[in-house]
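*Asks:* Next up is a structure, given as C-alpha cells.
The values are calculated or read from the model by the stated rules, or taken from the named source; none is laboratory data. Here the structure is a predicted model, which means the values were calculated and not measured. Neighbour counts run over all protein chains shown; Cβ positions are idealised from the backbone, glycine included.
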Amino acid sequence: MKKLMLGNEAFARGLYEAGCKVVSSYPGTPSTEITEEVAKYEEVYAEWAPNEKVAMEVAIGASMAGARSFCGMKHVGLNVAADPLYTASYTGVNGGLVIAVADDPGMHSSQNEQDSRHHAAASKVPMLEPSDSQEVKDFVKEAYRISEEYDTPVIVRMSTRVAHSQSVVDVCEREDIPLKEYVKNPQKNVMMPANARGRHVFVEERTKKLIQEAETSILNKIEMNDGQIGVITSGTTYLYAKEALGDSVSYLKLGIVNPLPSYIIRSFCKKFETVYVIEELDDIIETQCKKLGCDVIGKELFGFIGELSQSIIKEKIKGVSTEYTALQTEIPVRPPVMCAGCPHRGVFYSLAKNKITVSGDIGCYTLGAAQPLCAMDTTVCMGASISGLHGFNKARPEKEKTSVAVIGDSTFMHSGMTGLVNIAYNSTNSTVIILDNSITGMTGHQQNPTTGYNLKGDVAAKVDLEALCRALGIERVRVVDPYNLAETEKAILEELAVEAPSVIISRRPCALLKYVKHNPPLKTNEKCKSCKACLKLGCPAISIKGGKACIDHTLCVGCGICKELCKFDAIE
Amino acid sequence: MDTKSIMIVGVGGQGSLLASRIIGHVLLMQGYEVKVSEVHGMSQRGGSVVTYVKYGDKVYSPVVEKGEADLIVSFEQLEAARSLPYLKKGGTIITSTQKLDPMPVITGATKYPEDIFNQFRDLGINFIPVNALQLAEEAGSAKASNVVLMGVVSTKMDIDKEEWLKAIEECVPAKFLELNKKAFELGRECY
C-alpha cells in the first residue's frame, strides 16, 4: 500500500516494520514526530525520557537485554547523549540499536547549525543518510541489519527537509523479531579500563569491516550519465542536485556517510574531468576525497552556512539563475511571537519593566528576547539559564539583586535540576523562575515528568516541582499565576531582595492546550487615550487602528493582562 | 508532465499544514508523485509559515525556489507580497484579503504596506483576492479560512469536486467535517 508520509512518520513505520520493541527519546525539532508516530503502534513500547542522555541509555539497556531498540533526538540532543554513545560504540549491541539524529541546516528551529556527522566519525559509529521518506523507511531496516551484523549502534541522520517533507512510501508488514538471548558478558559490557582496551581493538577492526560494507552496499549508488562532470552528494542535497542538473552529470549518492568508501570514491573521481562534492554544512565528504588524493570542488563554491537548494546548485555550477518579480515596497518581517494568552508574557513584562538581567533557556519562552519585551540577555543550551546565572552572580555578586534565570518545566527536568543543586550547594542568592506551562511547548505539546501523563497519554507519576526544588536545597519556593501581573511582579522583587537562593514557579497551562478554557475576547472602548501601554506586552492580538488600540477577536483568548495594565479602563 | 509547484503561505496558526495535506492527498489520488514540505517548530509561533507542494511524473527537490511556483495560496496579504518572488512568470496567486499586523508593525517600528493589491495589478500579476475570513465565519468558524481557499484552488485545477471532498474527509476530524465542507463550497462558489 502506498501512502504519503512525513519523513519522520516513515522513520516510525521503519521502526515498526523492523520489529523494534523499545523506544525512548526526548522531543526536539525536527525529530519529534518519529517518536510520536511510533507510539501509535501497540507493539512498540515508547516513552519520552527527561533528556537525550537518559533516552540513549534506555535504548542501550534494551539493546543489551536483546530487543531491537531506538532513541531519537535533534542534533544538539546528540551532544547531551554523546557520553553514552561514545562508549556504546565499544560495547556494541545485542538487539539492534538505531539512533535518529535530526540536523537543522538553516536553523529553522535551533540554536546552532552543527553537523552531526562529526559525532559519527568521532564515536566510530556508522551513519546512514536517507533523502526521502521511502529511503528513510528502507534505511532504518538496513540500519538494524548493520547494527546486529557488525555489533554496533547505527545512527540515521535526518535533516529538516527529509524529516518534514512528505513523500510516497510503500508500506509493508511488521517483521517478528524475537528477543535475543541475554548472556552476562562483562568483557563486552562492563567498560572499565581492562575491558575497554580490548573493545577499542574491536572497534578499529569493525571500522575496517564497515568500510568494506560501504564499498559494496546498495545504499551507496552510482548513476552514470554522459558528460565529463561527476557529483558526489548525499541526503536531501542529492535531490537538489538531481533537480538542478538532471542527467547532465553523473552521481555518486552516498547513503552511508560514515565510514566513507575509499575505492568507490577514487574510481568515481577518476572517470571525470571535474568532480563536485555537494554537501550541506561541513566539508566531511570533501575532506575525505582530498585525503584520498581526489581533486574535487566543494566548499569553495557552496560554503559552510545554511541550506543548499536547486537554485544555488544551478547558479554555482551552470551559472544560471531564475528570474523573478518582487514588490518595490519594503516588506516588514514577521518573526515568531509568544501567542495571544501565552502565560509567559506576564513574567517577561514584569522582568522588562524592572530592567532585570535575564539568563534565558531553550523553549517558546526564548521569544521573550524578541521585540518589544526584549527581556532576555543570554541563551545558550538546555539548562544553561540556571547554571549560567550562578556563574554570572559569582563573577558579579552585586547582580544577585537584579538578575534571574528563566526556564520551562520540561527544560528544568531535562537539565535544569543539576544547575539548581549547584546554586544551593555552592551558594549564590540567585533567583530562578520556572515557567511551568504544564507541557513541552515549542516542539508541539509533548508530555513530560511534570505533566502527570506519559507519551501514550496514560496517567503517570507527576513530579512535584515545589517539593523537588526544596529537596534540591532551595528553601524559598513560591508559586505565582502569571496572569496576575501585580502578584507576579511582587514575587519577583521580593525574591530578588532576599539574601537566599529562591525559586518562583510561574504556573499556568499553555493557552493552546485543548483543555484550557478561554475567556471571551476583550474589546477596547472609547476611553482609550492612545497611550500604547498595552502594546508593550507584545501581544499579537493588540494593534493600533485609526490611532486607537484595537483587539483582534479571532486571536484574543481573554487572558486579561492588557486589562490589568490599562489605566483608563479602556479594555473590557 | 513537468513538475508543478504550489506554495502555501500564511501566519503560524492559520492552518496552512491542513491545506497542504488536503492538496497533497488529492494530488496523490490522481496518481501523481507528490512531495509536501513543511516547517514545524519555531516558525509556527505567529511567524511567517511556508509550505511547498510539488507534483508530477517525477519530483526530486521537495522545496520551491524563487521564480518556480505555478500557484501561490496565501492566507494573508503581507505574506502574499512576501511570497511574490517565488511566483513563476505567468503563475497565479490566490490570496485571502485578511491582514494581520506582524510585531514590528504592532510596535510601530514599521508600517503595513497599504497598497499591496494595487502593486500586484501594476506589475500585471495574475491574482485572485478572496474574502476568506468572512466566508469561513459564514461557514461557522474563522478557522476554516484555509478550507475556503481550498475551494477556490479547486476551481483552478483540473480535478473533480468529488475527489476534493474525499481528500477533505480524510484530512479533517469527523466532528468538523460538515463545517469544512460548507467552507469548501463557499470558496468554490465565490469564483
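*Asks:* Quick one: count up the residues across the range A:558-572 that are buried (at least 20 other Cβ atoms within 10 Å of the Cβ) and either within 23 Å of A:Leu367 (Cα to Cα) or at pLDDT below 95 (or both).
*Replies:* 3
*Asks:* A further question on this structure: Among the listed residues A:Val380, A:Val404, A:Val421, which satisfies the condition of being under 27 Å from the mean Cα position of the chain (by Cα), in a helix (DSSP H, G or I) and among the β-branched types (Val, Ile, Thr)?
*Replies:* A:Val421
*Asks:* Could you list, in sequence order, the residues of the range A:108-120 that are out of contact with any Leu (no Cβ under 9 Å at 6 or more places or on another chain), at pLDDT 95 or above and surrounded by 18 or more Cβ atoms within 10 Å (Cβ to Cβ)?
*Replies:* Result: A:Ala120, single match.
*Asks:* Among (1) more than 24 Å from B:Gln98 (Cβ to Cβ); (2) in a loop (DSSP other than H, G, I, E, B), where does A:Lys536 come up short?
*Replies:* (2)
*Asks:* Would you point out which residue out of B:Leu149, B:Leu135, B:Leu87 is within 17 Å of the chain's Cα centre (by Cα), farther than 30 Å from A:Gln310 by Cβ and of a type outside the set (D, E, K, R)?
*Replies:* B:Leu135
*Asks:* Looking at the structure I just gave you, is B:Ala132 at the interface with another protein chain (Cβ under 10 Å from one of its Cβ atoms), of a type in the set (A, V, I, L, M, F, W, C) and either under 30 Å from B:Lys35 (Cβ atoms) or surrounded by fewer than 17 Cβ atoms within 10 Å (Cβ to Cβ) (or both)?
*Replies:* no
*Asks:* With the checklist (1) away from chain B (no Cβ under 14 Å); (2) over 19 Å from the mean Cα position of the chain (by Cα); (3) more than 22 Å from A:Val54 (Cβ to Cβ) in hand, flag the one item A:Gly360 doesn't pass.
*Replies:* (2)
*Asks:* Among the numbered criteria (1) at the interface with chain A (Cβ under 10 Å from one of its Cβ atoms); (2) of a type in the set (S, T, N, Q); (3) farther than 22 Å from A:Thr160 by Cα; (4) touching a residue at least 12 places away in the same chain (Cβ under 8 Å), which one does B:Ser48 miss?
*Replies:* Every condition holds for B:Ser48 apart from (3).
*Asks:* Being under 16 Å from the mean Cα position of the chain (by Cα), under 16 Å from A:His164 (Cβ atoms) and more than 9 Å from chain A (Cβ to nearest Cβ): is that true of B:Thr97 here?
*Replies:* Judged against the criteria, B:Thr97 is not a match.
*Asks:* Any idea how many residues of the range A:494-513 are within 20 Å of A:Ile386 (Cα to Cα) and either β-branched (Val, Ile, Thr) or under 34 Å from the mean Cα position of the chain (by Cα) (or both)?
*Replies:* 10
*Asks:* Of the residues A:Gly341, A:Gly306, A:Gly346, which single one is more than 30 Å from A:Ser159 (Cβ to Cβ), modelled with pLDDT of 95 or more and within 14 Å of chain B (Cβ to nearest Cβ)?
*Replies:* Result: A:Gly341 is the single residue among A:Gly341, A:Gly306, A:Gly346 that is more than 30 Å from A:Ser159 (Cβ to Cβ), modelled with pLDDT of 95 or more and within 14 Å of chain B (Cβ to nearest Cβ).
*Asks:* Which residues, taken from the range A:46-62, are within 20 Å of A:Gly383 (Cβ to Cβ) and not acidic (Asp, Glu)?
*Replies:* Correct list: A:Trp48, A:Ala49, A:Pro50, A:Asn51, A:Lys53, A:Val54, A:Ala55, A:Met56, A:Val58.
*Asks:* Go through A:Gly28, A:Gly14 for me and flag whichever is surrounded by 24 or more Cβ atoms within 10 Å (Cβ to Cβ), assigned by TED's automatic domain parsing to the domain that holds A:Pro130, in a helix (DSSP H, G or I) and in contact (Cβ under 8 Å) with a residue 60 or more places away in the chain.
*Replies:* It is A:Gly14.
*Asks:* Still on this model: Please go through (1) under 30 Å from A:Ala370 (Cβ atoms); (2) in contact (Cβ under 8 Å) with a residue 12 or more places away in the chain; (3) aliphatic (A, V, I, L, M); (4) surrounded by fewer than 18 Cβ atoms within 10 Å (Cβ to Cβ) for A:Ala326 and return the number of the only condition it doesn't satisfy.
*Replies:* Answer for A:Ala326: the failing condition is (2).
*Asks:* Here is a follow-up. Restrict the check to the range A:414-437 and report whether at least one residue is within 14 Å of another protein chain (Cβ to nearest Cβ), at pLDDT 95 or above, crowded, with 20+ Cβ neighbours inside 10 Å and under 27 Å from A:Ser110 (Cα atoms).
*Replies:* yes
For (1) of a type in the set (Phe, Trp, Tyr); (2) closer than 30 Å to A:Asp103 by Cα; (3) more than 14 Å from every other protein chain (Cβ to nearest Cβ), each residue gets a yes or a no:
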| site | (1), (2), (3) |
| --- | --- |
| A:Ala194 | no, no, yes |
| A:Arg197 | no, no, yes |
| A:Gln212 | no, yes, yes |
| A:Gly230 | no, yes, yes |
| A:Thr236 | no, yes, no |
| A:Leu239 | no, yes, no |
| A:Asp247 | no, yes, no |
| A:Ile264 | no, yes, yes |
| A:Phe268 | yes, yes, yes |
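*Asks:* Among (1) closer than 30 Å to A:Glu17 by Cβ; (2) assigned by TED's automatic domain parsing to the domain that holds A:Val125; (3) outside any loop (DSSP other than H, G, I, E, B); (4) without any contact (Cβ under 8 Å) to a residue 40 or more places away in the chain, where does A:Leu252 come up short?
*Replies:* (2)
*Asks:* Counting only residues that are crowded, with 24+ Cβ neighbours inside 10 Å, more than 10 Å from chain A (Cβ to nearest Cβ) and more than 13 Å from the chain's Cα centre (by Cα), how many does the range B:6-39 have?
*Replies:* Total satisfying the criteria: 1.
*Asks:* Restricted to the range A:295-319, and to residues that are among the acidic types (Asp, Glu) and part of a helix (DSSP H, G or I), which residue is surrounded by the most Cβ atoms within 10 Å (Cβ to Cβ)?
*Replies:* So, considering only residues that are among the acidic types (Asp, Glu) and part of a helix (DSSP H, G or I), the one surrounded by the most Cβ atoms within 10 Å (Cβ to Cβ) is A:Glu315.
*Asks:* Does A:Leu239 satisfy being under 29 Å from A:Glu113 (Cα atoms) and in a helix (DSSP H, G or I)?
*Replies:* yes
*Asks:* Then there is this: Considering only residues that are in contact with a Ser or Thr (Cβ under 6 Å, 6 or more places away or on another chain) and either in a helix (DSSP H, G or I) or surrounded by fewer than 21 Cβ atoms within 10 Å (Cβ to Cβ) (or both), which ones fall in the range A:52-77?
*Replies:* Of everything in the range A:52-77, those that are in contact with a Ser or Thr (Cβ under 6 Å, 6 or more places away or on another chain) and either in a helix (DSSP H, G or I) or surrounded by fewer than 21 Cβ atoms within 10 Å (Cβ to Cβ) (or both) turn out to be A:Ala55, A:Val58, A:Ala59, A:Ala62, A:Ser63, A:His75.
*Asks:* Let me ask something else. Kindly provide the set of residues from the range A:31-51 that are charged (D, E, K, R) and either within 14 Å of another protein chain (Cβ to nearest Cβ) or in a loop (DSSP other than H, G, I, E, B) (or both), ordered by number.
*Replies:* Within the range A:31-51, A:Glu33, A:Glu36, A:Glu37, A:Lys40, A:Glu42, A:Glu43 meet the criteria.
*Asks:* Still on this structure: What residue, of A:Thr207, A:Thr152, is hydroxyl-bearing (Ser, Thr, Tyr) and in a loop (DSSP other than H, G, I, E, B)?
*Replies:* The unique qualifying residue is A:Thr152.
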